[in-house]
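Working notes, beginning with the structure itself.
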Amino acid sequence: MSRLTRGRVVLAVLLLGALGFGISALPWASAEVPTALALRTVTVSGGDASPVTTAASLAVLATGLAVALGGRWVTRVCAVALVVLGGALGAAAIGFLGAPRTSLETAAAQVSGVREIAGEPAVTAWPYVMVALGVVVVAAAVLTLRIPAAPAGRRFERGDGPAAPAPTSRERDERVRAMDDWDALGRGEDPTEPEHG
C-alpha cells in the first residue's frame, strides 16, 4: 500500500473540488415549456438549481490549497471544513432530486413568463454523481487527518538524516595549513621549505 503523503491528499482534494465545480456546470434536468408559439425545452444546471454546489466546490479547492500550506492545526480545521462542504454538496443535490420542478419552473418563467412546465421533468445522472462526490469529499477529510505531521520549523530545513559531525582539531589544522600553502604558491614561494611547514 502506498504511503499517505500531504502532496497526494492535496492533489485528491483539488481534484474533488474541480470535479464538483464541473458537475455543477452540467445540466441536471430539463423540461418542456409551453409558449405562445410552441413547446420549448428549458434546462437547468447544478449551479442554477442550487448555487451552493458551485460555492462549496470552490471552497473545496481553497481547502486543498490550505492543506498544502498549513501546519497540523490548519490541517485539522481543513478536515472539519471538508466534512461540512461534502455534506453541503450532497444535501444540495438531494434537495434538488426531491423537487426538480421548482428549479425548472423558475427557468420556465424566464422563457414564457409563466411558472409552468409540460409533463414531468427529465433528470440527468449528474445530481446523483454530486451526491456520491459529497460522500467522497467527506472521506477525504479522514485522509486529511491522517497526514503525517512534520515538526514545526522543519519544512525548509535540509534532509532529515543525521547531522554531519563537526571537524576535529586535526582536520581544522590541516585545512589551515593547506590554505597557507596555496597562499605561498601565489606569492611564488615553495610551500615545502621549512619556513612554510
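Just a yes or no: is a residue in region 6-16 under 16 Å from V129 (Cβ atoms), at pLDDT 95 or above and either among the charged types (D, E, K, R) or surrounded by 16 or more Cβ atoms within 10 Å (Cβ to Cβ) (or both)? Before the answer, list the steps.
Of the residues in region 6-16, the ones under 16 Å from V129 (Cβ atoms) are 15-16.
Pick out the ones that are also at pLDDT 95 or above and you get 15-16.
Remaining after also requiring either among the charged types (D, E, K, R) or surrounded by 16 or more Cβ atoms within 10 Å (Cβ to Cβ) (or both): 16.
Scanning region 6-16, I find at least one residue that is under 16 Å from V129 (Cβ atoms), at pLDDT 95 or above and either among the charged types (D, E, K, R) or surrounded by 16 or more Cβ atoms within 10 Å (Cβ to Cβ) (or both), so the answer is yes.
Would region 147-170 turn up any residue that is modelled with pLDDT of 65 or more, surrounded by 14 or more Cβ atoms within 10 Å (Cβ to Cβ) and within 30 Å of A81 (Cα to Cα)?
Yes; the residues of region 147-170 include at least one that is modelled with pLDDT of 65 or more, surrounded by 14 or more Cβ atoms within 10 Å (Cβ to Cβ) and within 30 Å of A81 (Cα to Cα).
Can you work out which of the residues in region 31-48 that are small (G, A, S) and under 30 Å from G17 (Cα atoms) is surrounded by the fewest Cβ atoms within 10 Å (Cβ to Cβ)?
The initial filter retains those residues of region 31-48 that are small (G, A, S), namely 31, 36, 38, 45-47.
Keeping just the survivors that are under 30 Å from G17 (Cα atoms) gives 31, 45-47.
Numbers: A31: 25, S45: 20, G46: 31, G47: 18.
Residue satisfying both the conditions and the ranking: G47.
Which of the residues spanning region 109-131 are in contact with a helix residue (DSSP H, G or I) (Cβ under 8 Å, 6 or more places away or on another chain), among the hydrophobic types (A, V, I, L, M, F, W, C) and in a helix (DSSP H, G or I)? Outline the logic, then answer.
Step one: list which residues in region 109-131 are in contact with a helix residue (DSSP H, G or I) (Cβ under 8 Å, 6 or more places away or on another chain), which gives 114-117, 121, 123, 126-131.
Now drop any that are not among the hydrophobic types (A, V, I, L, M, F, W, C), which leaves 114, 117, 123, 126, 129-131.
Correct list: W126, V129, M130, V131.
Taking region 49-78 as the search range and keeping residues that are buried (at least 21 other Cβ atoms within 10 Å of the Cβ) and among the small types (G, A, S), which one is farthest from P127 (Cα to Cα)?
Within region 49-78, the match that is farthest from P127 (Cα to Cα) is G64.
Check A59, A68 and return the single one that is without any contact (Cβ under 8 Å) to a residue 60 or more places away in the chain and not acidic (D, E). Lay out the reasoning, then the answer.
Details: A68 fails: without any contact (Cβ under 8 Å) to a residue 60 or more places away in the chain.
Just a single option satisfies the conditions, and that option is A59.
So, in region 110-146, exactly how many residues are among the aromatic types (F, W, Y) and crowded, with 17+ Cβ neighbours inside 10 Å? Outline the logic, then answer.
Here is the first cut: in region 110-146, the residues among the aromatic types (F, W, Y) are 126, 128.
Adding the requirement that they be crowded, with 17+ Cβ neighbours inside 10 Å leaves 126.
Residues meeting the conditions: 1.
Considering each of L39, L15, L89, L26 in turn, give the residue that is within 11 Å of the chain's Cα centre (by Cα) and not acidic (D, E). Steps first, answer last, please.
Working: L39 fails: within 11 Å of the chain's Cα centre (by Cα); L89 fails: within 11 Å of the chain's Cα centre (by Cα); L26 fails: within 11 Å of the chain's Cα centre (by Cα).
Of L39, L15, L89, L26, the one residue that is within 11 Å of the chain's Cα centre (by Cα) and not acidic (D, E) is L15.
Looking at region 71-80, is at least one residue of a type in the set (K, R), in the same structural domain as F21 (by TED's automatic domain parsing), in a helix (DSSP H, G or I) and modelled with pLDDT of 90 or more?
If we filter region 71-80 for residues that are of a type in the set (K, R), which is where we start, we get 72, 76.
Subsequent filtering for residues that are in the same structural domain as F21 (by TED's automatic domain parsing) retains 72, 76.
Those left that are additionally in a helix (DSSP H, G or I): 72, 76.
Applying the additional criterion that residues be modelled with pLDDT of 90 or more yields 76.
So far as region 71-80 goes, yes, one or more of its residues are of a type in the set (K, R), in the same structural domain as F21 (by TED's automatic domain parsing), in a helix (DSSP H, G or I) and modelled with pLDDT of 90 or more.
Considering every residue within region 34-46, establish whether at least one is at pLDDT below 95, of a type outside the set (V, I, T) and either in a helix (DSSP H, G or I) or not assigned by TED's automatic domain parsing to the domain that holds A140 (or both).
yes
Quick one: in region 79-106, of everything that is out of contact with any helix residue (DSSP H, G or I) (no Cβ under 6 Å at 6 or more places or on another chain), β-branched (V, I, T) and closer than 14 Å to A140 by Cα, which residue is surrounded by the fewest Cβ atoms within 10 Å (Cβ to Cβ)?
If we take residues in region 79-106 being out of contact with any helix residue (DSSP H, G or I) (no Cβ under 6 Å at 6 or more places or on another chain), β-branched (V, I, T) and closer than 14 Å to A140 by Cα, then V80 is surrounded by the fewest Cβ atoms within 10 Å (Cβ to Cβ).
The values are calculated or read from the model by the stated rules, or taken from the named source; none is laboratory data. Note that the structure is a prediction, hence the values are computed from the model and not measured. No Cβ is skipped: glycine too gets one built from the backbone with ideal geometry, and neighbour counts run over all protein chains shown.
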